[in-house]
Structure formats: C-alpha cells, structure tokens
1. Suppose we filter I128, I60, I77, I48 for residues that are under 22 Å from the mean Cα position of the chain (by Cα) and farther than 26 Å from A185 by Cβ; which single one remains?
2. Name the residue that is nearest to K483 (Cα to Cα), counting only residues in segment 301-318 that are open to solvent by 20 Å² or more (accessible area, probe 1.4 Å), in contact with a helix residue (DSSP H, G or I) (Cβ under 9 Å, 6 or more places away or on another chain) and not polar (S, T, N, Q).
3. Suppose we keep only residues that are farther than 14 Å from Q308 by Cα and of a type in the set (A, V, I, L, M) within segment 432-466. Which one would you say is most open to solvent (accessible area, probe 1.4 Å)?
4. When you scan segment 472-487, how many residues do you find that are in contact (Cβ under 8 Å) with a residue 12 or more places away in the chain and either open to solvent by 40 Å² or more (accessible area, probe 1.4 Å) or touching a His at 6+ places or on another chain (Cβ under 8 Å) (or both)?
5. Looking at (1) open to solvent by 10 Å² or more (accessible area, probe 1.4 Å); (2) among the aromatic types (F, W, Y); (3) within 16 Å of the ligand (Cβ to nearest atom), can you tell me which one Y363 breaks?
6. Residues F389, F323, F396: which one is of a type in the set (F, W, Y), closer than 30 Å to S435 by Cα and open to solvent by 50 Å² or more (accessible area, probe 1.4 Å)?
7. Please list, ordered by first then second residue, the pairs with beta carbon atoms under 6 Å, 6 or more apart or interchain, first in segment 435-458 and farther than 16 Å from P143 by Cα, second of a type in the set (S, T, Y) and surrounded by fewer than 21 Cβ atoms within 10 Å (Cβ to Cβ).
8. Would you mind finding the one in D273, D253 that is among the acidic types (D, E) and more than 23 Å from the chain's Cα centre (by Cα)?
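The values are calculated or read from the model by the stated rules, or taken from the named source; none is laboratory data. Since this is a predicted model, take the numbers as computed values, not measurements. Here Cβ is always computed from backbone atoms with ideal geometry, including for glycine, and neighbour counts include all displayed protein chains. Areas reflect the complete protein model, heavy atoms only, side chains present, ligands, DNA and RNA absent. Shrake-Rupley method; radii C 1.70, N 1.55, O 1.52, S 1.80 Å.
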Amino acid sequence: ERLGSRLKNGPYPPGPKPIPIIGNILDLQIKEPGPEYAEWSKKYQSGICFATAFGNNILIVNTQADADELFEKRAKIYSDRPQIPMTNLIGYEGMVPLMSYGNYWRLCRRICQQHFNYESAKNYRPIIYEKVHNFLSALSESPDNFASHNKMLSVSFAVAIMYGYEVKSVDDPLIDAADRSIFLAGGLLTPDASIINLFPFLAHIPPWLSGPMTSRKIAAEAKGLMKYMQESMMNFAKASIKSGTADASLVTDFLEKQSISEARKGEEQAVQDVAFTTYSGATETTIAVIATFYYLMAKYPEVQSKAQTEIDQVIGSTRLPEFDDRSALPYLEAIYREVMRWSQSLPLGVPHALTEDDYYKGYFIPKGTTVIGNIWAMNHDEDIYPEPFAFKPERFFDESGKLNQNNRILSYGFGRRICVGKAVASSIVWLTMASTLACFNIGKAKDEFGNEIEPNGEYHTEGLVTHKVDYKCSILPRSQIYKDLLQAEKTARV
Ligand code: HEM
C-alpha cells in the first residue's frame with residue numbers, strides 16, 4: 001500500500017533507509033536528536049528529511065527556509081499536533097501545546113493571546129519587577145542556593161499571574177503537586193526520550209510489551225496531582241474574591257467578570273486549562289534559560305563586563321534597570337538573542353502534525369505526518385551563524401555597529417503554534433539579565449585553595465525540555481548601592 005502511494009504521489013523526502021515493520025525506530029532512538037537530525041540534512045543533501053516508525057511518518061525540518069515555507073506559509077495544514085493516546089489517561093487533554101488544531105484550541109489560544117500579547121504583557125511588569133527583585137535579594141543573601149531561587153522566580157511569577165496566588169517557598173505543597181504531575185506526565189508522554197510523543201502508535205502496543213498497568217497507575221497519579229493543584233488554586237482564587245483580597249490575575253479577573261455577566265459557554269474550563277498550561281509552559285523553559293544565562297556569564301567574563309559598562313553608562317548606579325531602558329541597551333539585547341540561540345530549552349520544539357497530503361520540492365508528504373522543527377539545527381546553521389558553538393553576542397550587530405535585523409527567536413517555535421507567551425517570556429528573561437548584570441558580578445567558583453572551578457556545561461533532557469545541569473559559580477554584589485536599593489524595595493513591599 002505504501003509503495004503504491006509512493007508510486008502514485010511521488011517520492012517521500014530523503015532519509016535513513018527504513019527496516020521492514022519497525023521502520024527507522026533505531027535511527028530515531030538517539031540521545032541527542034537535534035545534532036543527529038541536522039547531520040541527516042548534510043548526508044541526504046536536503047533541508048527536510050523523512051523517517052517512519054511502525055507506520056507513522058515523521059518529517060524533520062532542519063532549515064529556517066523550509067520551516068518558513070511549511071510552518072508559516074502553509075500554516076493552515078501544518079498546525080495540528082500528533083495525538084498521543086496517553087494524554088487523556090493523564091488528564092492532560094486541556095494542555096494547550098498538546099491540543100489538536102480545532103475549536104477548543106482556538107478558544108484557549110484566544111484567551112492566551114488576549115492575556116500574553118505584547119501590549120498585555122506590559123500589565124505584568126509590576127509583578128515581574130517584584131519577582132525579579134525578590135530573586136536578586138535572595139541571591140545576595142544565599143548565592144549558593146541559585147537553583148532554588150531561580151525556580152522560585154519562575155513558579156511564583158506563573159501562579160501570581162494565573163491565580164493571584166503568592167508562593168512563599170518552592171516547597172509549597174501545591175507547587176510540589178504540579179511539578180510531580182508534570183514530571184510523571186513527561187515520562188509517559190515521551191518515554192525513551194520522547195518516543196510516544198513522536199509515535200502515538202506505541203501507546204497501543206500490547207500490555208506484555210509496554211507494561212501499561214504501571215503506566216496507567218502513573219497516569220492516574222499524574223492526573224490526581226494535577227487536579228489537586230488546579231482545584232486548590234481555583235478555590236484559593238474564589239475565596240480571595242469573596243474576602244475582597246484578590247490580586248489581579250487571569251483566573252480572578254475571569255471569576256469577577258463571570259459574576260457580573262454571563263461568561264461564554266466552555267470558557268471557565270478554558271480559563272482553568274490555560275492557567276495550568278501556563279504554569280507548565282512558563283516555568284521549566286524560563287528556569288532553563290536563566291540558568292544558561294548565569295552559566296554563560298561565568299564562562300565569558302569579557303561579555304559580562306561589556307554589558308555592565310553599557311548598563312552603567314545608560315542607567316548609572318543609582319537605580320535598578322527598568323523596561324523603558326531596553327531599547328537603549330543594544331549589547332544586552334544581543335546577549336538576550338545569543339543566549340536564546342546558543343541553547344534552547346526545547347531543541348526540537350513541540351511537534352506539529354500535517355492535516356492534508358502535501359507536495360513540497362517534488363516530494364510527497366502524507367496527511368498525518370508528525371512534523372518536527374529542529375530548532376537546534378536552525379540555531380546552529382553555519383551559513384547564518386558562523387562558528388555556531390561560540391557564544392558571541394557580536395554576531396547580532398551589522399558593520400556600522402548597530403543591532404542587525406535578525407531579531408527572530410527561533411526557540412519560540414513556528415507558525416500558528418508559536419509560543420503564545422513569548423512576549424511575557426522575553427520580559428521576564430530580559431529584566432532578569434539586566435538586573436543581574438547591574439547588581440552582581442558572576443564568576444567562576446573557587447576551590448579551597450583558591451583555584452577556579454570550571455562550571456559544569458552539561459545539559460540533560462526530560463521529556464521535550466532540556467535543563468541545565470546544576471553548576472557552581474560565584475555571585476558577588478557589585479556595590480553596596482544596589483544592595484541598599486534591593487533592601488529598600490523589599491522593606492517597601494513588606
Ligand atoms: C523562554 C521561555 C519559553 C520558551 C523557550 C518557550 C518555547 C515554546 C515553544 C518552542 C513552543 C512550541 C511552538 C511550536 O509548536 O512551534 C511553545 C508553546 C507554548 N508556550 Fe512557550 N516558551 C517559553 C515561555 C512561555 C511562557 C512564559 C508562556 C506563558 C505565559 C508560554 C506558553 C506557551 C503555550 C500556551 C504554548 C502552546 C501554544 C500552542 O500550542 O498553540 N511559554 N513555547
């Protein structure tokens with residue numbers, strides 16, 4: 001049947017030769033798929049490569065030009081998601097990144113857009129200032145607890161803007177429940193380095209092969225924890241409205257609106273789904289980017305001191321950086337772009353799926369194909385980024401010394417499924433970078449004999465997300481003035 005389809009419709013794009021029945025499963029089960037798939041493009045002389053596994057088709061898109069053509073120009077048919085049967089068992093059918101391209105996704109995406117677009121992202125600025133300054137204060141008190149402070153920054157921000165909930169510590173039971181649920185779900189949706197996410201068929205393999213009873217138990221636990229977090233947060237939001245203490249947030253604003261006018265059918269469920277999605281989408285990714293930034297500042301002191309000189313010249317040392325300073329700090333902007341290019345928290349993005357048969361560059365791509373935008377490959381494309389493994393913010397300047405036009409952050413993905421929180425993410429990451437460089441010198445940690453310790457440069461992948469492995473670095477205040485400024489802010493908030 002497959003051969004008949006190929007003869008009738010034309011060849012599939014090139015790729016490794018499949019083995020009967022299992023297809024390319026062995027080619028796909030690899031530790032670092034981003035670089036490996038990028039190699040396929042060199043080997044097969046094609047920006048798009050094709051593979052199969054147990055009858056499921058996978059298209060790997062390795063170049064920006066092909067991503068633009070398929071995900072952007074042909075967005076109408078390249079915006080679905082591969083359906084993973086485990087999703088419903090875990091109760092994650094309300095997660096926006098996993099939803100199929102239909103009316104319920106449209107409703108959720110519209111809610112996200114209303115709340116996270118560039119203009120709306122400005123409404124979150126007061127909360128971003130508060131959370132970033134809390135983070136810096138905590139760092140100045142206990143710099144060795146960087147990982148915990150970094151987590152606190154992202155989770156406390158996410159639940160504040162979604163539920164108006166204030167996290168007091170990263171050990172908050174509701175945060176624990178959400179994180180454990182996401183961890184367990186990640187293992188089920190992408191066992192064996194994201195295999196089920198790529199090949200939904202595998203979720204149907206017989207019990208004696210997959211041990212689904214264990215999977216079902218884990219799925220039930222993940223679902224229970226997610227429901228516990230969601231319901232507790234909703235109850236908190238309702239109680240805070242009743243007592244007149246509610247802070248503005250997606251959920252509290254919705255509940256208040258609902259009490260005075262009829263909310264659209266299905267909207268309450270959508271608001272709940274968006275809130276939990278935002279928690280999971282906004283936390284791990286942001287944590288990974290900020291951990292990478294601190295690592296790179298410890299590794300590249302010359303980049304750090306150039307940015308600090310720029311900050312000192314533009315802002316001086318009598319106040320902390322503000323969002324209105326952003327356009328006056330081009331070198332810092334280049335650092336933001338380069339950090340986002342150099343490492344990506346989602347190296348293969350989130351897989352899309354094709355809803356109709358398509359023809360591209362003389363190749364046939366069948367309906368239902370899982371389409372992976374290899375962000376890693378595009379961010380390491382030597383034609384666009386010479387010396388792609390070097391950390392060089394200078395690559396974002398033109399010959400006249402001005403920031404160049406390349407301001408597209410590929411790490412946010414593609415087309416109609418592009419990260420809907422990118423304006424919010426950019427704000428929180430940028431302010432963290434600017435404020436960190438104003439307040440601290442990041443350097444290599446030293447051992448007991450005063451020798452510098454190289455920070456650990458490793459990453460590890462859990463599900464689709466790549467995390468920075470913990471490392472040691474030294475974080476020292478640049479001056480008493482910043483310490484006093486942070487202390488004054490903290491006192492004002494209390
Ligand atoms: C630096 C941090 C972040 C990175 C690198 C990132 C990256 C991504 C990527 C690669 C996708 C998939 C795009 C595609 O399918 O082509 C995505 C989707 C998504 N992101 Fe983000 N993200 C970040 C932060 C955030 C934040 C802060 C929010 C919420 C405020 C958010 C909400 C979402 C949602 C809801 C989706 C699903 C969109 C859909 O399927 O329609 N993300 N993100």
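1. I128
2. Residue satisfying both the conditions and the ranking: D312.
3. Among those residues, the one meeting the criterion is I453.
4. Matching residues across segment 472-487 total 9.
5. Unmet condition: (3).
6. The conditions single out F389.
7. As it stands, the answer is N456/Y471, since those pairs meet every condition given.
8. D253
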